[in-house]
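Comments concern the structure below.
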Amino acid sequence: MLDFKGKVAIITGAAQGIGKCIAEQFHAAGANVCIFDVQDNPGFVGNLACEGDLRTFAEQVLAKFGKVDFIINNAAPLFKGLPDCTWEEFNYALQVGVTAPYMLAKLFMNHFAPGAAIVNISSSRDRMSMPGTECYAAAKGGIAALTHALAVSLAGRVRVNSISPGWIETRGTSYEGPDATQHPAGRVGVPEDIAHMVLFLCSDKAGFITGENICIDGGMTRQMIYHGEHGWNLQD
């Protein structure tokens, strides 16, 4: 178990799913957890697309703790695209997925504690896509690029990395058969797979890792897939 006693961890989108698991892991390791989510939660309820809410949240965190050690940008943008995603929705997705992480880094820029770290949750969709997911893919690609930009700008003060999850089951459903065996790892992912990496990247054990993106997808993006091979068949 990593020891984060006295550390302050900000986690966005932590009311459920992967974010909630990350928050629980930090809490178990002794950290002071500050949640920002649009849904009801034990922390701050607000809209990441609203600059005023971001500033209010930052003021409250600094008033209570006076510093920040870790920022985990986990909140998910909209999962929409052609033809149903509107101008407003596309920009909202970018505000939640890219602008808010940038603004949080800016708002806390002069308040990071020694050894601080930022971990951005991207997606394996930052490098691969399915139809109708343009705003989600753009936001996830954007935060992956923002990661190495921030790592360079905050060099020597804050390490910045990103994680690209693949299929992570957040509802507790158990998968067997093709859904599981299509993964080279032999199973579908669980939130703990991501949370464990987040805490590692925030720890001193990852002190030489910055500007990096780590894909946690059970090997799916490394698997070449052709019709008729390895049990894969195109269905018309």
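Every number here is computed from the coordinates shown, using simple stated rules; none is lab data. What you see is a predicted model; the values in this text were computed from it and never measured. For neighbour counting, all protein chains shown are included, and Cβ atoms are generated from backbone atoms with ideal geometry for every residue, glycine included.
Worth a mention:
- Amide H contacts under 5 Å for I214, placed H, 5+ residues apart: S162, I163, S164
- Fraction of antiparallel bridges per DSSP, the chain only, in percent to nearest 5: 0 percent
- Karplus 3J(HN,Hα) series, Hz, for region 99-116 with 6.51 cos²θ - 1.76 cosθ + 1.60 (x for Gly, Pro): 5, 4, x, 4, 5, 5, 4, 5, 5, 9, 3, 9, 10, 6, 6, x, x, 5
- Sequentially through region 155-165, phi angles give Karplus couplings (6.51, -1.76, 1.60; θ = phi - 60°) of 3, x, 10, 9, 7, 10, 9, 10, 10, 10, x Hz, Gly and Pro residues having no value and appearing as x.
- Other residues lying with their Cβ under 10 Å from the Cβ of G141 contribute a combined charge of +2, Lys and Arg counting +1, Asp and Glu -1.
- Computed from Cα atoms, the angle from the helix 191-202 axis to the main principal axis of the chain rounds to 40 degrees.
- Once you reduce region 106-127 and region 175-236 to the center of their Cα atoms, the two points are 22 Å from each other.
- Taking a sphere under 9 Å around the Cβ of G46 and counting the other residues whose Cβ falls inside, with K and R at +1 and D and E at -1, yields a net charge of -2.
- Qualifying trypsin sites (Lys or Arg not before Pro) for region 1-53 [loop in DSSP, other Cβ within 10 Å: at most 14]: K5
- Label-point gap, in nm, between L62 and Y102 - each point 7 angstrom along Cα→Cβ: 2.0 nm
- Modelled FRET efficiency - R0 35 Å, S129 with F208, Cβ distances, 0.05 increments: 0.60
- Per-q log10 I(q)/I(0), region 8-222, q = 0.18 Å⁻¹ (Debye; single scatterer per alpha-carbon; no solvent): -1.37
- Extending 7 Å from Cα along the Cβ direction at A145 and again at E169 yields two label points whose distance is 3.5 nm.
- Rounded to 10°, Cα long-axis angle of helix 134-153 versus longest principal axis of the chain: 50 degrees
- Under 17 Å from the Cα of K7 - aspartates and glutamates, other chains or at least 8 residues apart: E24, D69, D204
- Across the chain, the longest piece that holds none of the GluC sites (Glu not before Pro) lying in DSSP loops with up to 13 other C-beta atoms within 10 Å covers 1-175.
- For region 191-232, chymotrypsin sites (Phe, Trp or Tyr not before Pro) meeting the loop criterion (DSSP other than H, G, I, E, B) and having at most 13 other Cβ atoms within 10 Å: F208, Y226, W232.
- Taking region 121-162 and a reference point 7 angstrom along Cα→Cβ of L82, the backbone N atoms nearer than 20 Å belong to 125-142.
- Within the shell of other residues whose beta carbon sits under 14 angstrom from the beta carbon of E176, the net charge comes to -1, with Lys and Arg scored +1 and Asp and Glu -1.
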